[in-house]
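Below: the structure, in structure tokens.
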Amino acid sequence: GSCALFLLIFALFACSFLSGRMYHCSTETSVLLLRDQADFRTPLCLGPLENLGSVVSGSCANGALNGQAWQENSCVNCHSTLNVSWARATVDTPICVGRCDPSIVPEEVGRQQPPEWLCPKPLTSVQQLPSVCDNRDSAEYLSNITSDELQGREYMQAMSRMLVIPCGGSTVNASGGFVEPGAVVSCREAFCSEGVSSEVAQQCRVNCQGHPFFCKESCEADEQSGTCQSCRRECEAACECSNFCEPLIKDAALCVEQGGRWQQALSQDFDNVFSSMLTLFEISSTEGWADVMYAACDSVGHFIEPIRNYSEWMFAPFFVVYMIFSNMFIINLSVGVIVDKFMDLKQSGKRDVILTSAQVKWLDSQKLLSRTRFFDVQDLDMMPSLQRKAYDIISSFRFTTFIMVAIALNSALMAMQTFPSQIEWWADVMYVGKRVFSGIFTLEMMLKFYALRCTYFEDSWNRFDFFCVVVSLLGIVLEDTTTLNVTGVTSVFRVLRLFRLMKYLRGVKKIFAALAASVPKLVNVMAILLLLLTLYSILGVSLFSTLKFSSENAQCNFKDFVQAFITLFRASTGEAWNEIMHDIARSPRQIFASGDWCTPDYLFDPENHFEVLSEKCLIERPNGCVNSWIMGQLMPLTYWVTYTLIVAIMVMNLVIAVILESYEEGKGEKDTEIVEHCVKLWKQRDTDLKMYLPMEEAIAYIAEALNYGMELHQEENRMPIAMPELISKRLTEVPMKFINTLDLPCTEDGKVYFWHALVQVLKLLCHRWDPTLINEINSLEEMLDPDMAEKLKMDRIWESRKRQMQQAPRESILSVKDHIAALKIQHIVRDRRVVRVPSESEVPKGRNHAFQDVVS
């Protein structure tokens, strides 16, 4: 409601100032306008004043523009039948453009209409329709044309004919007196010869006396003058025959008198409130808003040719302010509402799963542990020395940097390819460079395969690299041994290597990860989009499949489902959707007024006349038009506005909501970085990758990993224990407050498995030694029933845990905290510390042995 009110306010303002002003003269030659010569009226050559039939020839400009002045030539350039000179009395005296009405159907023939010699009767059979085939104007086709089709051609020519003739035929003589020399060949006499009722005539007289534009200047000084009488007589004549006679004054009149067409500058206009709201809605989607703004800035006045930036100071700020509020505020606010509603619906689906923030964080952390392998290989000390050296090479920072530089240089070399080649020897450089880089990547692949053996293909990047190398080598072999040109195919995979750089560019990696994570979630949104596109495509084929499209939108049509689907998908991106809308919403009168023609809808009947329509190529190139205002104009506008609102704005913004959600979830990439850092730290301590560390080393490893995690989350100040000091302490000196939180299994000989240590790091980062959070995390699995566990996808976590336990070389049956507690006791006993045993009265409640005080 508020959006509609906002649109209405701006539409009222635009309609008040721009109604009737966004028109211009369309002509291939120069036109002498009022800005060039004030008070100029084009002298015309009319047909014989006693012959009404000469109206069919219209009029002709008496003379031509010579430089900046008009030079008359006594009608020598006109048809021989046009030899009578005539001119309007004043610049605001209307000249009429007479046109037949193509919207008349056979059932309406009884109503008042022009004579048949001027406007033929409507077509009644399909055989009368002209052909639109490519050979329709060939001599062979014209020699065999039927009389019915010839009649149809004459009808179409008559409907598209534009006759520039006097409205009533009056003017003023040399002395300024009122005369009517052209009444016989006037528009009213030709098209409405039967006259009108006295009530209509009186209403037209009143309208012309108070008209805001016609005769305003002519009658301002003296309403009894000949110029005022002539002007108002012409205005009344146009009003009495308004269905066929269009009155024009000033520059608009000069335009049509000199052979041009006075028409809208754009498909959009502000002539009424409805069209103003529609135009503002269109430009709020940023489609064509600059063209509308520039057209408004060029507007001068009613019936005046636009001047570049004439009203820039007024309308440029108006459109800028409107775009700021409509597109940047209201449209984006709508996006925010859609995204917020999407998030609410998502959260409402989780309300039946009541989890605390710590439990949710712990679940997310456990999902990171679902990786099949954390290390490419294990037990490096068991490897042959040559394989160990190969592994050290591919694991080194220098080797990785070298490969990344090679990928960047390879892409840069491909980017330097031009067509045609500017340098003769550049093709040889490209040829050698392609093979050099292919050799480098092949050597990298062979080294990795030799070092990793079977585990090489367990890494997705390695599989991708292997595929690229094979395709590149295959392309080189085919190019050198055959004449096949596979450069384009192989170049695609060479360029794809750039994706490997994302592994080392964290910011780009996060964005790409968010996009990748959003793909599965977009399935439902894409399903909705596909459903809506299908529904609108079917509806579009039903409504618009036979309509005529202009040459600018010839590829956008609804002839079949596929074309409709492509057209609608294009429109969903906002690409010229409004121009397609205006194109199919053209009325028959607008189509014929543009000089073109269309097939009336009552004749376009493929079911009963398919063969005839097909012979005339009207099935392949339909050009129907609808006479009904509801189906012809209102339905296309409603169709496209609702489609834009539902699909282009709502559904497409749902896609944004899903991507934003994935990006928000992608902030958990910090935990992924922690896992990667934990793997890196483990490699530094376990150089042979035995996957076990002594207890002391494991505790130090956990402490160092926790330090990194706290720094990454920028929350190291919340750490209750100074973690760096633990690395240098002996296990017996570590406070039990820290040890008690370690739910860390170990083997009989006191060694800790990598996966257990990694789990402990993530768990410590979740509860931060808070007893309440520790209890929440420990009770998580106990509180989950099977349905809730399935909803949270706990089966994946349990399966990953089981797989990791199976991969452990040895079983971990002891607990680190128990082991350290035993060590503390042994250390106390070994030091022979004397402990006084208090009496029963001195022992506090809940304490049964003084030894407990010492250990605690």
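Applying a threshold of 22 Å to the alpha-carbon distances of Lys367/Lys509; Lys361/Lys824; Lys367/Lys751 flags Lys361/Lys824; Lys367/Lys751 as lying beyond it. Other residues lying with their Cβ under 11 Å from the Cβ of Glu246 contribute a combined charge of +2, Lys and Arg counting +1, Asp and Glu -1. A convex hull fitted around the alpha carbon atoms of region 196-325 yields 147 Å³ per residue. Just so you know, the Rg over Rh for region 496-597 is 1.22, from Cα atoms, with Rh as the Kirkwood radius. As a length-normalised measure over Cα pairs under 8 Å and 6 or more apart, the relative contact order of region 477-600 settles at 15 percent. Accessible surface of region 481-629, 1.4 Å probe: 64 percent of it comes from carbon and sulfur atoms.
At most 13 other Cβ atoms within 10 Å and a DSSP loop assignment: could you name the trypsin sites (Lys or Arg not before Pro) in region 1-108 that fit? Loop-located and lightly packed - Arg35. Kirkwood analysis of the Cα pair distances in region 423-575 returns a hydrodynamic radius of 20.3 Å. Proximity of backbone amide H atoms, modeled 1.01 Å from N, is registered between Ser85 and Leu46 at under 5 Å, excluding neighbours fewer than 5 places apart on the same chain. Can you give me the distance in nm between label points at Val829 and Val321, each placed 7 Å from the Cα along the Cα-to-Cβ direction? The two pseudo-label positions are separated by 9.0 nm. Only Cα sites of region 276-320 enter the Debye sum here, all with the same form factor; the resulting log10 I(q)/I(0) across q = 0.16, 0.18, 0.29, 0.30 1/Å is -0.42, -0.52, -1.02, -1.05, listed in q order. The distance between label points at Glu676 and Thr401 comes to 1.8 nm (points 7 Å beyond Cα on the Cα→Cβ vector).
Calculated on the Cα set of region 1-110, radius of gyration then Dmax: 20.7, 64 Å. Here r is the Cβ-Cβ distance between Ser175 and Asp596 and R0 is 51 Å; the resulting FRET efficiency, rounded to 0.05, is 0.65. Please find the FRET efficiency linking Val508 to Ser2, where r is the Cβ-Cβ separation and R0 is fixed at 60 Å, and quote it to the nearest 0.05. After rounding, the FRET efficiency stands at 0.90.
Taken per residue, the accessible surface of region 185-280 reaches 43 Å², heavy atoms only and a 1.4 Å probe. Summing +1 for each Lys or Arg and -1 for each Asp or Glu among the other residues whose beta-carbon sits under 13 angstrom from that of Ala14 gives -2. For region 39-161, the fraction of C-alpha pairs farther apart than 25 angstrom is 46 percent.
Would you mind checking the pairs Lys521/Lys559; Lys683/Lys817; Lys434/Lys680; Lys448/Lys680 and listing those with alpha carbons more than 23 angstrom apart? Lys521/Lys559; Lys683/Lys817; Lys434/Lys680, as the Cα separations exceed 23 Å there. Between Phe457 and Arg373, the contour length at 0.36 nm per residue exceeds the alpha carbon distance by 29.1 nm. Computed from Cα atoms alone, the Kirkwood hydrodynamic radius reported for region 414-453 is 11.9 Å. In this label model, Asn778 and Ser614 are separated by 8.3 nm, measuring between points 7 Å along each Cα→Cβ vector. Between Asp340 and Lys216, take the C-beta separation as r, use R0 = 56 Å, and let me know the FRET efficiency to the nearest 0.05. Using R0 = 56 Å, I get an efficiency of 0.55.
The slack between Glu223 and Glu116, meaning 0.36 nm per residue of separation minus the straight C-alpha distance, is 34.7 nm. The convex hull defined by the C-alpha atoms of region 372-454 has an orientation-averaged projected area of 7.3 nm². Taking the protein heavy atoms of region 276-331 in the context of the full set of protein chains, the accessible area attributed to carbon and sulfur is 66 percent at 1.4 Å.
The values are calculated or read from the model by the stated rules, or taken from the named source; none is laboratory data. Please read these numbers as outputs of a predicted model, since none were measured by experiment. When we count neighbours, we look across all protein chains shown, and the Cβ atoms used for this are built from the backbone with ideal geometry, even at glycine. With ligands, DNA and RNA removed, areas are computed over all heavy atoms of the protein, side chains included. Shrake-Rupley method; radii C 1.70, N 1.55, O 1.52, S 1.80 Å.
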